[in-house]
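Student: Below is a structure I'd like to ask you about.
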Amino acid sequence: MRNRTKLCVNFSILENNFNLLKKIAPKNEVLFMVKANAYGHGMVPIVQYSNQRLKIKEFGVATIEEGVYLRDSLNSLKFDIYVFSDIQLDLEVNFNLYRNRRITPVISCLEDLNIFLQSSAFKHLPLVLKFNTGMNRLGLMKTDLIECISLLKKYKRMNITHLMSHFASSFLPIDKIKKTNEQLRCFNEIKRSFRDHGITIEKTSIANSGAIEQKFGLDESHIRPGLMLYGPSSLVEPFRSRNIWEGQNISKLETTIISVFPVKKGDPLGYGAIPSPDDGIIGIISIGYGDGFLSLYQGAKFQYKGSIARVVGRVSMDMAHILFPTSAIKKLHVGETFQIWGHNSLELLDLSDRLKRIPYELFCQLSPRIPRVYNLN
Ligand SMILES: Cc1ncc(COP(=O)(O)O)c(C=O)c1O
């Protein structure tokens, strides 16, 4: 049996991306963001490889479920797990999950800080605080500082293991965006306030991929890359020409042509009998919205053996129509591979621009139906 569709993940490209990252930020420890199933690439194999081969020791997930799944899947390996968004400290049943599996919640509000400090379950877990310096999503507010400091004093936790913040707009040129600079300034003030009150801070981080690419926020002990390690740059058009990031996509998404037939302009195609926009050859590819190849791909153009092919008609659950020019007839065969994206990051960015999506979405929307196949070359 062949895989009708697969996401091929190449570990040696991940290693290469990591080496490129280390050239940009040689002094920083890496907390690798692997939430949402490692941006769709398969969290467990990605963490296993990153820990064993690349020696990355810290990983960030979004939810406690992801953290528990990761720990239970790779229990024999030594690494730290941080839960960033849905930490659920309001549910006491979770306390033992954190304690027994050595998972660290990233505290982003005073309510959770109170719970964390009060419960003995967290006594031996690192204290990790995330501040909102302008992102306005999750994060302790600067106005919470006084209360935060007095709580730490009250519970005699005079050491913060990791203090974090997060940039809102690092996908834009930092020299043009005042806000990103202001966020860093605000983060430095927060650090200073803690230290002025005798509270020590072991580790700090603020930079995500966009900032790291621009060598910004690297004066902290840690960086928190996600996207760049999977390949693409975060910089958006029209600023991409400033991009110095040379990472390649660790994945390629391939499907199979399962039927080939000629059509005339106006012939009805698939659901809704949508008229073919031109004469040509239809190739039915074995991927559809059930796989994450959503209707947003309708109209998208792809290169295939020197011809331009485009998605026509309505994407079905597990198939889609591709219209090739009539001249492509000799190159089209049932069973051949059709590539949605390859290892070239610039082409993937171009595809996501054309689909009016960000590359994060293209990766994350791939459904579990698509097998992830891992190789070293
Ligand atoms: C708190 C935090 N840090 C770091 C990252 C990594 O961001 P990027 O994938 O843009 O590098 C994310 C991703 O969303 C995040 O939420």
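The values are calculated or read from the model by the stated rules, or taken from the named source; none is laboratory data. None of the values given here were measured: they were computed from a predicted structure. No Cβ is skipped: glycine too gets one built from the backbone with ideal geometry, and neighbour counts run over all protein chains shown. Each accessible area value is taken on the protein alone, full model and side chains, heavy atoms only, with ligands, DNA and RNA left out. Shrake-Rupley method; radii C 1.70, N 1.55, O 1.52, S 1.80 Å.
Student: Kindly establish whether G266 is assigned to a loop (DSSP other than H, G, I, E, B) and in contact (Cβ under 8 Å) with a residue 60 or more places away in the chain. Explain how you work it out, then say what you get.
Tutor: Numbers: assigned to a loop (DSSP other than H, G, I, E, B): yes; in contact (Cβ under 8 Å) with a residue 60 or more places away in the chain: no.
It is false that G266 is assigned to a loop (DSSP other than H, G, I, E, B) and in contact (Cβ under 8 Å) with a residue 60 or more places away in the chain.
Student: Check off (1) closer than 22 Å to L348 by Cβ; (2) touching a residue at least 60 places away in the same chain (Cβ under 8 Å) for G210 and give me the number that stays unchecked.
Tutor: That leaves (2) as the condition not met.
Student: Assess whether K265 counts as being open to solvent by 50 Å² or more (accessible area, probe 1.4 Å), away from the ligand (no atom under 16 Å from the Cβ) and either among the charged types (D, E, K, R) or under 30 Å from L163 (Cβ atoms) (or both).
Tutor: Numbers: open to solvent by 50 Å² or more (accessible area, probe 1.4 Å): yes; away from the ligand (no atom under 16 Å from the Cβ): yes; either among the charged types (D, E, K, R) or under 30 Å from L163 (Cβ atoms) (or both): yes.
The answer is yes for K265.
Student: With the checklist (1) in contact with a strand residue (DSSP E or B) (Cβ under 6 Å, 6 or more places away or on another chain); (2) more than 12 Å from the ligand (Cβ to nearest atom) in hand, flag the one item L91 doesn't pass.
Tutor: Every condition holds for L91 apart from (1).
Student: Looking at the structure I just gave you, is F216 within 11 Å of the ligand (Cβ to nearest atom), open to solvent by 10 Å² or more (accessible area, probe 1.4 Å) and out of contact with any strand residue (DSSP E or B) (no Cβ under 7 Å at 6 or more places or on another chain)?
Tutor: So F216 fails the test.
Student: OK, next. Just one of the numbered conditions (1) open to solvent by 10 Å² or more (accessible area, probe 1.4 Å); (2) within 16 Å of the ligand (Cβ to nearest atom); (3) touching a His at 6+ places or on another chain (Cβ under 8 Å) is not true of C109; which one?
Tutor: The number of the failed condition is (3).
Student: For the stretch 294-371, which fully contained strands (runs of 3 or more DSSP E) count at least 2 residues that are under 25 Å from A273 (Cα atoms), of a type in the set (V, I, T) and open to solvent by less than 70 Å² (accessible area, probe 1.4 Å)?
Tutor: Qualifying strands (runs of 3 or more DSSP E): 307-312.
Student: Would you mind telling me which numbered condition in (1) away from the ligand (no atom under 12 Å from the Cβ); (2) buried (at least 18 other Cβ atoms within 10 Å of the Cβ) Q52 fails?
Tutor: Evaluating Q52 over (1) away from the ligand (no atom under 12 Å from the Cβ); (2) buried (at least 18 other Cβ atoms within 10 Å of the Cβ) leaves (2) as the failure.
Student: Now for a different question. Could you check, for the stretch 238-249, whether at least one of its residues is within 12 Å of the ligand (Cβ to nearest atom), assigned to a loop (DSSP other than H, G, I, E, B) and touching a helix residue (DSSP H, G or I) at 6+ places or on another chain (Cβ under 8 Å)?
Tutor: Looking for residues that are within 12 Å of the ligand (Cβ to nearest atom), assigned to a loop (DSSP other than H, G, I, E, B) and touching a helix residue (DSSP H, G or I) at 6+ places or on another chain (Cβ under 8 Å), one finds at least one in the stretch 238-249, hence yes.
Student: Do you know which residues across the stretch 112-124 are in contact with a Lys or Arg (Cβ under 8 Å, 6 or more places away or on another chain) and buried (at least 17 other Cβ atoms within 10 Å of the Cβ)? Even if it seems obvious, please write down each step before you answer.
Tutor: The first filter runs over the stretch 112-124 and keeps only residues in contact with a Lys or Arg (Cβ under 8 Å, 6 or more places away or on another chain), leaving 117, 121-122, 124.
L117, A121, F122 - these are the residues of the stretch 112-124 that are in contact with a Lys or Arg (Cβ under 8 Å, 6 or more places away or on another chain) and buried (at least 17 other Cβ atoms within 10 Å of the Cβ).
Student: Oh, and also: Within the stretch 251-262, can you find the residues that are surrounded by fewer than 15 Cβ atoms within 10 Å (Cβ to Cβ) and touching a residue at least 24 places away in the same chain (Cβ under 8 Å)? If you could, list the steps in order and put the result at the bottom.
Tutor: Applying the first criterion (surrounded by fewer than 15 Cβ atoms within 10 Å (Cβ to Cβ)) to the stretch 251-262 yields 259, 261-262.
Hits for the stretch 251-262 are S259, P262.
Student: Applying the selection to the stretch 223-237, what residues are part of a strand (DSSP E or B) and over 20 Å from A62 (Cα atoms)?
Tutor: Of everything in the stretch 223-237, nothing turns out to be part of a strand (DSSP E or B) and over 20 Å from A62 (Cα atoms).
Student: Among G231, G226, which is the only one that is more than 9 Å from the ligand (Cβ to nearest atom) and within 16 Å of the chain's Cα centre (by Cα)?
Tutor: Exactly one of G231, G226 is more than 9 Å from the ligand (Cβ to nearest atom) and within 16 Å of the chain's Cα centre (by Cα), namely G231.
Student: Considering the stretch 156-178 alone, what residues qualify as being in a loop (DSSP other than H, G, I, E, B), modelled with pLDDT of 90 or more and not β-branched (V, I, T)?
Tutor: Within the stretch 156-178, K156, R157, M158, S165, H166, F167, A168, S169, S170, F171, L172, P173 qualify.
Student: Return yes or no: is I190 surrounded by 15 or more Cβ atoms within 10 Å (Cβ to Cβ), modelled with pLDDT of 95 or more and away from the ligand (no atom under 16 Å from the Cβ)?
Tutor: Values: surrounded by 15 or more Cβ atoms within 10 Å (Cβ to Cβ): yes; modelled with pLDDT of 95 or more: yes; away from the ligand (no atom under 16 Å from the Cβ): no.
So I190 fails the test.
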